[in-house]
Amino acid sequence: MFNNMQELKDYCVDNDIKVIDFKVIDLAGRWHHLTIPAARFTEKTLEDGIGFDGSSYGFLTIEKSDMVFIPDLSSAFVDPFNEVPLLTMIGNIYAIGDKVERFEGDPRYVAEKAERYMKETGIADKAKFGPEFEFYILDHISYKSLPNHMEVYLDAEQAEWNMGNKDRKNLGFKVGRHKGYHVDIPYDVNFNLRNNMVLMLEENGVPVKYHHTEVGGPGQLEIELSFGGLLEMADRTMLTKYILKNEAIRNGKTVTFMPKPIFGEAGNGMHVHFQLFKDDEPIFYDAKGYSGLSQTALYAIGGILKHAPALMAFTNPSTNSYKRLIPGYEAPVSICYATANRSSVIRIPGYAKKPDTKRFEFRPSDATSNPYLAFSALMMAMLDGIRHRIDPVEEGFGPYDVNIFELPEEEKAKIKGLPRSLEEAADALEKDHDFLLEGGVFCEGIIQNQLKAIRRDASRVTIMPNPIEFEMYFDL
């Protein structure tokens with residue numbers, strides 16, 4: 001938003017900005033914030049930064065936890081959810097040693113380095129990322145995880161389970177299970193809210209391609225963003241989740257990006273589309289290639305598919321992720337590629353035929369991921385595939401232009417599958433992460449911190465009794 005401090009000062013005066021807020025991301029992908037009066041924001045703030053406890057973010061140990069963040073003026077936006085005019089910007093994290101320097105474990109710094117490394121390889125000078133966000137808007141959510149009481153209760157007014165509700169006024173028009181795709185009003189009860197969300201995104205520098213209802217009957221929706229650079233799109237991802245959640249709350253509803261919040265219904269993915277350019281020319285297009293893809297694009301696909309199990313530790317870092325990625329459902333679990341095939345890990349959109357629109361998408365990922373790390377890991381896998389000429393055909397990844405779920409069992413057995421659990425994803429990352437370290441983009445510390453975090457989450461879920469176990473085993 002701003003190129004220098006003077007532009008920011010002028011904006012604050014012209015728009016009566018009273019307060020300035022700073023967002024800082026942790027390893028898991030959650031924003032934290034710290035706020036100061038606008039008058040206290042000076043050139044000194046940009047020189048010295050603002051101190052904080054890095055151990056509370058999971059970055060450092062308690063005995064050596066002092067860090068600072070320095071605001072990125074270009075990331076500023078006016079927060080629409082505050083009573084007083086408030087300007088918000090993202091902070092870059094710095095470590096304090098003999099000198100203050102960028103912290104290698106800052107997810108935003110990883111994204112910066114990934115884009116820089118892409119240019120250093122000479123393969124491309126511009127990357128475009130396009131995520132699709134699937135999420136549920138709910139009217140109620142409550143849960144307990146006590147030693148003697150385990151419960152989740154959620155509700156959506158439009159869900160089919162409310163069709164027979166006589167306790168309150170019921171006007172019908174409930175959406176059946178798996179019947180939500182592109183339903184019109186009056187079934188689409190969140191249409192006005194979704195329009196407001198999208199307009200708010202546009203007003204805050206997040207261009208939206210389109211939005212619509214999704215398959216899940218109890219309020220599943222999708223918003224697809226227009227393409228942007230890696231770091232740019234990671235910033236936009238954080239802002240998108242922030243705006244959607246807070247606008248929903250303001251309207252008496254709530255939003256979840258959980259991959260599988262409702263048993264028996266469609267899960268929430270975050271499909272990511274990719275394009276690479278050099279000298280403004282698309283390098284993924286070849287009219288004579290498979291599905292209009294260049295050999296470079298196929299190598300990029302080969303890199304992603306070869307490293308797919310390890311990538312999952314960053315693109316699908318929650319235990320709930322693997323309740324969505326179940327064989328036989330629409331979510332992809334087969335490590336292969338194909339055109340217009342939603343059962344494959346890599347899908348090439350059949351409708352994208354022009355050179356500047358030719359692309360492919362990675363379908364397993366979900367929005368429990370830290371976007372800076374997930375997008376960077378995907379970029380590194382693509383670059384590794386191109387640099388080492390990883391041919392997806394020679395690797396046995398396809399193309400499979402068939403419904404993989406309907407193949408004979410002996411044919412299915414030939415196709416490798418994604419990890420079935422977060423523990424398996426962690427094991428895969430532990431064995432295969434050298435490609436992430438190339439160019440100093442990721443560091444060993446980030447890898448180990450991620451492994452520690454997801455193994456801790458997996459262990460916590462594994463040892464917790466599940467209510468379904470009582471139904472299955474209580475009487476034995």
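The table that follows gives values for the structure above.
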quantity	calculated
Whole-Å distance, taken between Cα centres, linking segment 199-234 and segment 8-43	25 Å
Burial ranking of peptide ranges 21-34, 264-277 (average Cβ count within 10 Å, highest at the top)	264-277, 21-34
Percent RCO, i.e. relative contact order, over the chain, from Cα pairs under 8 Å lying at least 6 residues apart	14 percent
Lys/Arg +1, Asp/Glu -1 at C-beta; the chain dipole; positive extreme among 309, 370, 49	309
[x] 33, 31, 24; [y] 63, 45, 19; [z] 53, 29, 21, with the label sought being that of the calculated semi-axes √(5λ) of the Cα gyration tensor in Å	[x]
Ranked 462, 368, criterion: other C-beta atoms within 10 Å, fewest first	462, 368
Highest-first arrangement of 122-130, 410-418, 293-301, where packing means the average Cβ count within 10 Å	293-301, 122-130, 410-418
Kyte-Doolittle at least 0.5, axis length at least 20 Å by Cα - qualifying DSSP helices, the chain	371-387
Amide H partners (placed H, <5 Å) of residue 335, local residues excluded	416, 417, 418
Relative contact order (%) - segment 180-273, alpha-carbon pairs under 8 angstrom, separation at least six	23 percent
Cα centre as origin, Lys/Arg/Asp/Glu Cβ charges: the chain dipole, Debye	660 debye
Distance histogram for segment 5-103 (every C-alpha pair counted, 5 angstrom bins, percent rounded to whole numbers)	3, 12, 24, 24, 17, 12, 7, 3, 0
Furthest towards positive pole of dipole, 109, 272, 88, structure part the chain, Cβ charges	272
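No lab work stands behind these numbers, since they all come straight from the coordinates. Note that the structure is a prediction, hence the values are computed from the model and not measured. All Cβ positions, glycine included, derive from the backbone under ideal geometry; neighbour counts span all protein chains shown.
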